[in-house]
Amino acid sequence: MPIQLSDFQKIGLGLSIFGVGFIFLGMIMLFDKGLLAVGNILFLAGLIKATALFFGGIAIVLLGWPLIGMIVEVYGFFLLFGGFIPIAINFLRRLPIIGSLLLLPGIRQVVDRLCETRSMV
């Protein structure tokens, strides 16, 4: 049964494969800066909005507007790593002390909501 991919998924898959390939070649060529840079650009091409917001927030903080910069930076961070949040929370639930804290009444509802709204797909 072949996997059906949309055109956007095919483009994203191609960019990711080429990005990983260039990063691998850059590592084999003794960490060649050019190949590593091209690999990073291709690998993060689908996340350009999130990356721009994250680094734009850092720039705004450096320009002297820390509150606005941090808000933009946190939003960009959640766009970049939002799919990783459920994985991290499920890992934290298995830890002895932190897992017990995540089961407390007020915290449990927030954590459950974070896990159900974020998905890797």
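All of the numbers you see were taken from the coordinates with simple rules; none came from a lab. Computed from a predicted model, the values in this text were never measured in an experiment. Here the Cβ positions follow ideal geometry from the backbone for every residue, glycine too, while neighbour counts run over all protein chains shown.
Under 8 Å by Cβ, and 6 or more places apart or on different chains, what pairs join a residue from segment 52-64 that is without any contact (Cβ under 8 Å) to a residue 60 or more places away in the chain with one that is surrounded by fewer than 16 Cβ atoms within 10 Å (Cβ to Cβ) and assigned to a helix (DSSP H, G or I)?
Listed pairs, sorted by first residue: Leu53/Tyr75; Phe54/Phe77; Gly57/Met70; Gly57/Ile71; Gly57/Val74; Gly57/Tyr75; Ile60/Ile68; Val61/Met70.
Among Gly26, Gly39, which is surrounded by 14 or more Cβ atoms within 10 Å (Cβ to Cβ), of a type in the set (Gly, Ala, Ser), touching a Phe, Trp or Tyr at 6+ places or on another chain (Cβ under 9 Å) and farther than 30 Å from Ile68 by Cα? Let's see the steps before the verdict.
Values: Gly26 fails: touching a Phe, Trp or Tyr at 6+ places or on another chain (Cβ under 9 Å).
After applying the criteria, what remains is Gly39.
Of the residues that sit in segment 12-22 and are more than 22 Å from Phe77 (Cβ to Cβ) and touching a helix residue (DSSP H, G or I) at 6+ places or on another chain (Cβ under 8 Å), which one is surrounded by the most Cβ atoms within 10 Å (Cβ to Cβ)?
Taking segment 12-22 first, the residues more than 22 Å from Phe77 (Cβ to Cβ) are 13-14, 17-18, 20-22.
Next, from what is left, pick out any that are touching a helix residue (DSSP H, G or I) at 6+ places or on another chain (Cβ under 8 Å): 18, 20-22.
Working: Phe18: 15, Val20: 13, Gly21: 15, Phe22: 21.
Applying the filter and picking the extreme gives Phe22.
Exactly one condition in (1) among the small types (Gly, Ala, Ser); (2) touching a Phe, Trp or Tyr at 6+ places or on another chain (Cβ under 8 Å); (3) over 26 Å from Val74 (Cα atoms) is false for Gly57; which is it?
(3)
Answer with yes or no whether Lys49 is charged (D, E, K, R) and closer than 25 Å to Phe77 by Cβ.
yes
Could you list, in sequence order, all residues of segment 42-51 that are surrounded by fewer than 13 Cβ atoms within 10 Å (Cβ to Cβ) and in contact (Cβ under 8 Å) with a residue 12 or more places away in the chain?
The answer is Lys49, and nothing else.
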